[in-house]
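S.K.: Here it is, the structure in full.
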Amino acid sequence: MNTWITWGRRMGAALAILGSAGLMALPAAAQVRGAELVVGQVAPLSGVLASTGTQMVLGGRIYFDAINAQGGVHGATIRQWVVDDGYKVPDTVRLTREMLAKPEVVALYGFAGTANVTQLLTDGVLEQGGAALVAPYTGGESLRSPFNPWIFHVRAGYGDEAEHMVQQLTTLGMNRVAVMYQDDGFGKAGLAGVEAALARRNLKLVVSAGYERNTDKVDDAVKAIKAADVHAVIMIAVNKPAAAFIQRYREQGGGAQLYNISVVDPTELVKLAGLKNAHGLGISQVVPYPFRPQLPVVREYQALLKKYAPEAEVNYTSFEQFLGAKVLVEALRRAGPAPTRAKVVKALESLQNYDLGGVSLGYSPTNRIGSRYVEVTVIGSNGRLMK
């Protein structure tokens, strides 16, 4: 899919829920006329990360819809231009180049994949385009260090998540740890984070086992990890391969405590692996618990989800991207009327200790990591996440 998508107020009911098959494309004649701020989003709306990609787009859409309903930003409507890369690195690069060739695109938002975004840096795509990428759905350390000026992170890094999980495990006396990881930049970043966290405690990983990206071929990993007789397994995996590992490992008698890094959808895991197998899985999270309306920003998210996507359920991924959309909209405001890409970058740098509604983050000319918040949740006996 490589088309313009306009999420207008009038289309709210028709596009209330984004199906797993992808997004409805609006013809050119349906596009909103007048002043527009175009935000480009490359998302995995097909392939192994399709359900995640759908939630990513939804989280931004409900906030952009709400802002547009209030008159937009300085009178301009925000247009969310969404294209599907299928979680494939070459497609991410190609589609991003096409987006940045359009001068009306003032910023990029909500991409997915450590390897995908890393390639944009390696190929100089972001630098050549001069546009900020806000709230990518990745915690890869290669995107954070060394410093690069183009990516503004809303989430903590995989190293932060690994440290939190290892701290919890070792506190409980579970010192024999294995890692099941996706064999690419994403998986290796998480693996390195776990190894570093263990090393800080004078421990070593018992075994690590990879699987091929864009597949759920995890049988070799199940065999290697089950044979190692570990206390805990930390998975650096996306939905389908994570679910395949959980199901096969449990069905073959594997009894270790299972954890997964934040990039999975617990509802999808329960659906694919079965509640019996997924029950008790720990999942690290990089944004606050969105299921209880205790924080102002959670109440706002839940209200807008109900208004603009009434059939959708509360979800960590859509909430994270909702936060990212709030960050981007505030930057567009601060950039003033008719913002340029450079003005948006400067405006983002001015968001120091910015309160989104009970959740604060901050950037500066020398810092692009907005938050290091991490906590661990668990899939309960009813299939829902518990704190």
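The values are calculated or read from the model by the stated rules, or taken from the named source; none is laboratory data. What you are looking at is a predicted structure, and each value in this text was computed from that prediction instead of being measured. As a convention, Cβ positions derive from the backbone with ideal geometry for all residues, glycine included, and neighbour counts pool all protein chains shown. In case anyone asks, the SASA skips ligands and DNA or RNA and just uses the protein heavy atoms, side chains included. Shrake-Rupley method; radii C 1.70, N 1.55, O 1.52, S 1.80 Å.
S.K.: Got a number for carbon plus sulfur as a percent of the chain's accessible area, 1.4 Å probe? All intermediate terms of the calculation are to be shown ahead of the outcome.
M.R.: Details: 7400 of 14790 Å².
After summing per-atom areas, the C and S share lands at 50 percent.
S.K.: Report the gain in length on full extension from Arg97 to Ala35: 0.36 nm times residue separation, minus Cα-Cα distance, nm rounded to one decimal. Display every interim value, and only then the final one.
M.R.: Working: separation 62, 0.36 × 62 = 22.32 nm, distance 2.34 nm.
Result: 20.0 nm gained on full extension.
S.K.: Quickly estimate the mean residue ellipticity at 222 nm for the chain, helices only: each DSSP H run with n ≥ 4 gives -39500 (n - 2.57), and the total goes over all residues, rounded to 500.
M.R.: Values: 13 runs with 151 residues, N = 387.
Roughly -12000 deg cm²/dmol at 222 nm, from the helical runs in the chain.
S.K.: Another question about this same structure. Counting each pair of different Cα atoms once, what's the Kirkwood radius of the range 193-282 in Å, rounded to one decimal?
M.R.: Details: mean 1/r = 0.0750 Å⁻¹.
Across the range 193-282, the inverse of the average 1/r is 13.3 Å.
S.K.: Name the chymotrypsin sites (Phe, Trp or Tyr not before Pro) in the range 95-161 that are in a loop by DSSP and that have at most 16 other C-beta atoms within 10 Å, would you?
M.R.: Working: sites: Tyr109, Phe111, Tyr137, Phe147, Trp150, Phe152, Tyr158; in loops: Phe111, Phe147, Trp150.
For chymotrypsin sites (Phe, Trp or Tyr not before Pro) across the range 95-161 that sit outside H, G, I, E and B with at most 16 neighbouring Cβ atoms in 10 Å, the list reads Phe147.
S.K.: A further question follows. Normalized C-alpha radius of gyration of the range 249-378, against 2.2 N^0.38 Å?
M.R.: On the way: Rg = 18.2 Å, N = 130, 2.2 N^0.38 = 14.0 Å.
Here the Cα radius of gyration is 1.30 times the empirical estimate.
S.K.: On to the next question. Using only the heavy atoms of the protein chains and a 1.4 Å probe, how would His164, His279 rank by accessible area, largest first?
M.R.: Numbers: His164 70, His279 95 Å².
Largest accessible area first, the list is His279, His164.
S.K.: Let me ask something additional. Could you state the per residue volume, in Å³, of the convex hull enclosing the Cα atoms of the range 229-325? Display every interim value, and only then the final one.
M.R.: Details: hull volume 10.3 nm³, N = 97.
Given the Cα convex hull of the range 229-325, per-residue volume reads 106 Å³.
S.K.: Can you give me the accessible area per residue for the range 326-387, using a 1.4 Å probe, in Å²?
M.R.: On the way: 2840 Å² over 62 residues.
Result: 46 Å² of accessible area for each residue.
S.K.: Ok, one more. Going by amide H atoms built from the backbone, whose H comes under 5 Å of the H on Leu385, apart from near neighbours?
M.R.: Under 5 Å from the amide H of Leu385 lie the amide H atoms of Gly380, each far enough along the sequence or on another chain.
S.K.: Based on the alpha-carbon set only, what is the convex hull volume of the range 51-90 divided per residue, in Å³? Mind showing how you got there, number by number?
M.R.: On the way: hull volume 2.8 nm³, N = 40.
Enclosed volume per residue, from the Cα hull, is 69 Å³.
S.K.: Give me log10 I(q)/I(0) at q = 0.13, 0.14 Å⁻¹ for the chain, Debye formula, one equal scatterer per alpha-carbon, no solvent.
M.R.: -1.03, -1.19
S.K.: Related question: What spacing in nm lies between the two simple spin-label points modelled at Ala303 and Asp229, each 7 Å away from Cα in the Cβ direction?
M.R.: Distance between the two pseudo-spin positions: 5.7 nm.
S.K.: In whole angstrom, note down how far apart the Cα centers of the range 100-132 and the range 307-358 are.
M.R.: 17
S.K.: Also, I was wondering about something else. Mind checking the per residue accessible area of the range 138-177 for me, 1.4 Å probe, whole number of Å²?
M.R.: Values: 1410 Å² over 40 residues.
For the range 138-177, the solvent-accessible area averages 35 Å² per residue.
S.K.: Can you grab the distance from the C-alpha centre of the range 137-152 to the C-alpha centre of the range 191-259, Å, no decimals?
M.R.: Distance between centres, Cα-based: 25 Å.
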